[in-house]
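Here is the structure we will look at, set down as structure tokens.
The values are calculated or read from the model by the stated rules, or taken from the named source; none is laboratory data. What you see is a predicted model, and the numbers here were worked out from it, not measured in a lab. All Cβ positions, even for glycine, are placed from backbone atoms using ideal geometry, and neighbour counts span all protein chains on display.
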Amino acid sequence: MAVVTKDIILQTKGNCDILDITSQVARKVEESGVNSGTVTLFVSGSTAGITTIEYEPRLLSDFKGMWDRVIPQNIPYAHNKTWGDGNGHSHVRASMLGASLTIPFIDKRLTLGTWQQIVFLDFDNRPRSRKMVLQIMGE
């Protein structure tokens, strides 16, 4: 059993920026020297999350709209009183989406479906430099 840890650094725009990181993750898996196993992706930060979705412009618009309806920016958040940075909604959105994702791979290829891409969402209210930690485990 091998365990390989890699990082991906992302520059985001904030405000529900959605980045397709599928090719970056696939490249890290291919370079890891591990043939088959799982890759766990972890977001280092409390205002961003990760999931899979079809990376298609209208669906991305629907996805962003869902976050605005379910966890709107323009309502009072107690967190905003603590730090005054106005990103209470970002923390709530990130906690609902989640900070990690695990994907199996076989023969160094991710087992994603045809229309399934790995997406990183930055919910913060400003551009950020973000770090993803990948832990690749297998044989």
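With the structure loaded, tell me whether E56 is charged (D, E, K, R) and either farther than 16 Å from F105 by Cα or at pLDDT below 95 (or both) or whether it fails that test.
Details: charged (D, E, K, R): yes; either farther than 16 Å from F105 by Cα or at pLDDT below 95 (or both): yes.
Yes.
Within the bounds of the range 115-134, is there any residue that is part of a strand (DSSP E or B) and closer than 21 Å to M1 by Cβ? Spell out how you get there, then give the answer.
Let us first name the residues in the range 115-134 that are part of a strand (DSSP E or B), namely 117-122, 128-134.
Filter again for closer than 21 Å to M1 by Cβ, leaving 133-134.
The answer is yes; a qualifying residue exists.
Quick check on the range 89-102. Is at least one of its residues touching a helix residue (DSSP H, G or I) at 6+ places or on another chain (Cβ under 7 Å), among the charged types (D, E, K, R), under 30 Å from R27 (Cα atoms) and in a helix (DSSP H, G or I)?
yes
Which one of T111, T82, T52 is of a type in the set (V, I, T), over 18 Å from D7 (Cβ atoms) and touching a residue at least 24 places away in the same chain (Cβ under 8 Å)? Walk me through it before giving the result.
Details: T111 fails: touching a residue at least 24 places away in the same chain (Cβ under 8 Å); T82 fails: touching a residue at least 24 places away in the same chain (Cβ under 8 Å).
Answer to the check: T52.
Could you tell me whether any residue of the range 109-117 is basic (K, R), over 17 Å from K64 (Cα atoms), touching a helix residue (DSSP H, G or I) at 6+ places or on another chain (Cβ under 8 Å) and surrounded by fewer than 17 Cβ atoms within 10 Å (Cβ to Cβ)? Outline the logic, then answer.
Looking only at the range 109-117, we keep the residues that are basic (K, R), and these are 109.
Adding the requirement that they be over 17 Å from K64 (Cα atoms) leaves 109.
Going one step further and asking which of them are touching a helix residue (DSSP H, G or I) at 6+ places or on another chain (Cβ under 8 Å), we end up with 109.
Pick out the ones that are also surrounded by fewer than 17 Cβ atoms within 10 Å (Cβ to Cβ) and you get 109.
The answer is yes, given that some residue of the range 109-117 is basic (K, R), over 17 Å from K64 (Cα atoms), touching a helix residue (DSSP H, G or I) at 6+ places or on another chain (Cβ under 8 Å) and surrounded by fewer than 17 Cβ atoms within 10 Å (Cβ to Cβ).
So the check is Cβ under 9 Å with 6+ separation or different chains; which pairs have a first residue in the range 6-32 that's farther than 19 Å from T111 by Cα and in contact (Cβ under 8 Å) with a residue 60 or more places away in the chain and a second one that's among the aromatic types (F, W, Y) and assigned to a loop (DSSP other than H, G, I, E, B)?
Pairs that qualify, where the first residue is farther than 19 Å from T111 by Cα and in contact (Cβ under 8 Å) with a residue 60 or more places away in the chain and the partner is among the aromatic types (F, W, Y) and assigned to a loop (DSSP other than H, G, I, E, B), are G14/F123; N15/F123; C16/F123; D17/F123; I18/Y55.
Quick test of your reading of the structure: F120 fulfils all but one of (1) without any contact (Cβ under 8 Å) to a residue 12 or more places away in the chain; (2) of a type in the set (F, W, Y); (3) closer than 24 Å to V34 by Cβ. Name the failing condition by number.
(1)
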